[in-house]
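Worksheet: one structure, shown below.
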Amino acid sequence: MKKIIFTLACLGLSLAFVSCEKKSDIQSLENKISELEAKLNAQGTSEETGSAEKSEPAETVAVVEKSEPATSKWKGDSYIRIDSPKDEDEKYLYNVYNVDEVKLDFTGSVSPDCQSIRVIWAPYDSKYIQEYLEGRRTKVPDQYGSDETDMIKIDDWTLKEFKPGDTTFAYHVGGKLDNLIQGTNCYRFIATFEDGSQKTYSLTYYVYCGGGAEKAKPVIYLYPKKKQNVTVSVAPEGGVIESIPEMGKEWKVTAWPDGKIVEKKSKKEYPYLYWESRDKDYTSSITEGFVIPTEEAENFFKEKLAVLGLNEKEIADFNEYWIPELEGKPYLYITFIPQDQQDKEAPLTVSPKPDSVIRVFFDHRKLDEPIEVKEQILTPRTRSGFAVVEWGGRRYK
C-alpha cells in the first residue's frame, strides 16, 4: 500500500514537471519527490519497529502461564485405608513352619492428594511403634531368643512404587523382608498429603506355626456372699469374638450366693458368663503335663479339676463340653496353663473385688502314640468369701 501511494505521488509530480518551464520550478518538484520518499521510508521503519514491540508482551505472557504451579483438584477429605487384609479372619495365617517362605501383599487406597506412604513394623505390640516414633527405641527384645541380648529391629519403609497422585498401593510383607515373624505383627501406615497433613492406619497380623487356636468356652461363675450387683469384663489379647450374654464394654448382672446370674438389661437368667477369643500369641510346644488314653479323659479331669478348686457342678459342665471335643485319637497330652499367664493374656476385672479367683485353662494335643513328658505338679486351690471361678481350654481349628 505504501508503494502504491508513493508511485501515484511521483506520477503527479512528474506531470507537473512536464508543464514546468523554469529550471527553478523543476528543481522544486525534485525536492518534493525526495522529501516524500524520505517520509515514506521513515514510516515503514517505525511500523516494523512497533510491530516487533507489540509481539514481546505476548511471548512474556506465554512464559508466565507455563510457570504457574499445578494445584490439586481433590476437594474431599484426605484418607488412607487398608483393603486387604480387611475381614478379621484374613488377619490370621496358620500352619506356617518357616516364615521366610511367606510372601504377602497388603493393599490399600488413599485420596488423590496423597504424596507418600511410610510403613512402620514392630513385633508383639503396637506400643513399640509409638516408642520408635518418639525416639525411645529402635529394637525389640526377641521373646523366643536364646538369651535377653537377642533383639529384633523395627522396620521403617517408604513405599518406592507409590507416586503422588496414585490412589492405590501395595506393601510387600515376608520373613525375608524383615517385617514378618511368627506370632503378632504390628503395622502403622502413615500417609502424607499435599497440605503437609498426615493420617494413619494401624493393622495387626498374626502368624501361627500350627492350626488356628482359640480360647474356647471360658465360662465365669460368680458366688457373692449375698445377693448383689456385679460388673465383669474380660480383655483377652485376641479380642472377644463371642460372648453370652453380649458383654459389650462389660457385663452388668445381679448375682446370688448359689451361682444364679441375671443380666440387668435383659432380665434373663444364666448359669455363667461365656466368652471366646482367638489365642493371640500361641507358640506350639510340649514341655510338662500328662499323657493319658483318651477314653480316660473324663475321670482324669474329675480328679485334676477338683485339685484346682472346681466343684462338682463346674466339673460336670466342663466335661459335658470338652470330652466330645477331645475325641479323635487314642491318646491325649494335657497341660494346665499357670493362672498368672492366663491373667496376663486375658485380664479379668470384677467389681466389687472378689475375695478369691480361680481360673483354670488347659492346652492339649491329640496323639497317635503315647509320648514321654515331665509330669506337671498342680498346686491345690481353694475358694473363700466372694468367689469367682473360671474354666476354659485351647481349641484348634
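What pairs can you find where one residue is in region 237-256 and of a type in the set (A, V, I, L, M), the other is modelled with pLDDT of 90 or more and open to solvent by 70 Å² or more (accessible area, probe 1.4 Å), and their Cβ atoms are less than 7 Å apart, with a gap of 6+ or different chains? What qualifies is Val253/Lys264.
Taken as a whole, the condition of being of a type in the set (Val, Ile, Thr), more than 36 Å from the chain's Cα centre (by Cα) and open to solvent by 70 Å² or more (accessible area, probe 1.4 Å) does not apply to Thr349. Looking only at residues in region 280-296 that are open to solvent by 30 Å² or more (accessible area, probe 1.4 Å) and of a type in the set (A, V, I, L, M), the one that is modelled with the lowest pLDDT is Ile286. In region 312-355, of all residues being among the hydroxyl-bearing types (Ser, Thr, Tyr) and in contact (Cβ under 8 Å) with a residue 60 or more places away in the chain, the one that is nearest to Ile377 (Cα to Cα) corresponds to Tyr321.
If you check Arg137, Arg118 for being out of contact with any His (no Cβ under 9 Å at 6 or more places or on another chain), of a type in the set (D, E, K, R) and over 12 Å from Arg188 (Cα atoms), only one passes: Arg137.
Filtered by the rule that a residue be open to solvent by 40 Å² or more (accessible area, probe 1.4 Å) and modelled with pLDDT of 90 or more, region 79-99 gives Tyr79, Arg81, Asp83, Ser84. Within region 249-277, the set of residues being within 17 Å of Val234 (Cα to Cα) and in contact with a Gly (Cβ under 9 Å, 6 or more places away or on another chain) comprises Tyr272, Trp275, Glu276, Ser277. Residues in region 56-78 that are of a type in the set (Val, Ile, Thr) and at pLDDT below 50 were compared, and the one that is most open to solvent (accessible area, probe 1.4 Å) is Val63. Here Tyr132, Tyr128, Tyr124 are screened, and the one residue that is on the phi > 0 side of the Ramachandran plot and out of contact with any helix residue (DSSP H, G or I) (no Cβ under 9 Å at 6 or more places or on another chain) is Tyr124. When Gly196 is tested against (1) within 30 Å of Lys73 (Cα to Cα); (2) part of a strand (DSSP E or B); (3) open to solvent by 30 Å² or more (accessible area, probe 1.4 Å), exactly one condition is not met: (2). For region 381-391, filtered to residues that are at negative phi and not β-branched (Val, Ile, Thr), the residue that is surrounded by the most Cβ atoms within 10 Å (Cβ to Cβ) is Trp391. Each residue in region 240-279 was checked for being part of a loop (DSSP other than H, G, I, E, B), open to solvent by 30 Å² or more (accessible area, probe 1.4 Å) and either touching a His at 6+ places or on another chain (Cβ under 8 Å) or not acidic (Asp, Glu) (or both), and 12 of them qualify. Only a single criterion out of (1) among the aliphatic types (A, V, I, L, M); (2) within 40 Å of the chain's Cα centre (by Cα); (3) under 30 Å from Tyr206 (Cα atoms) is not satisfied by Ile261, namely (3).
If I go through region 101-134 residue by residue, how many of them are assigned to a strand (DSSP E or B) and not basic (Lys, Arg)? Residues meeting the conditions: 16.
Of the helices (runs of 4 or more DSSP H) lying entirely inside region 291-397, those containing at least 3 residues that are of a type in the set (A, V, I, L, M, F, W, C) and closer than 17 Å to Val219 by Cα are 297-307, 312-326. Going residue by residue through region 336-343, is there one that turns out to be surrounded by 13 or more Cβ atoms within 10 Å (Cβ to Cβ), more than 38 Å from the chain's Cα centre (by Cα) and of a type outside the set (Ser, Thr, Tyr)? No, region 336-343 contains no residue that is surrounded by 13 or more Cβ atoms within 10 Å (Cβ to Cβ), more than 38 Å from the chain's Cα centre (by Cα) and of a type outside the set (Ser, Thr, Tyr).
The values are calculated or read from the model by the stated rules, or taken from the named source; none is laboratory data. Just so we're clear, the structure is a prediction, and the values are computed from it rather than from any experiment. Every residue, glycine as well, gets a Cβ built from its backbone with ideal geometry; the counts of neighbours run over all protein chains shown. Just the protein is used for accessible areas: all its heavy atoms, side chains included, with ligands, DNA and RNA removed. Shrake-Rupley method; radii C 1.70, N 1.55, O 1.52, S 1.80 Å.
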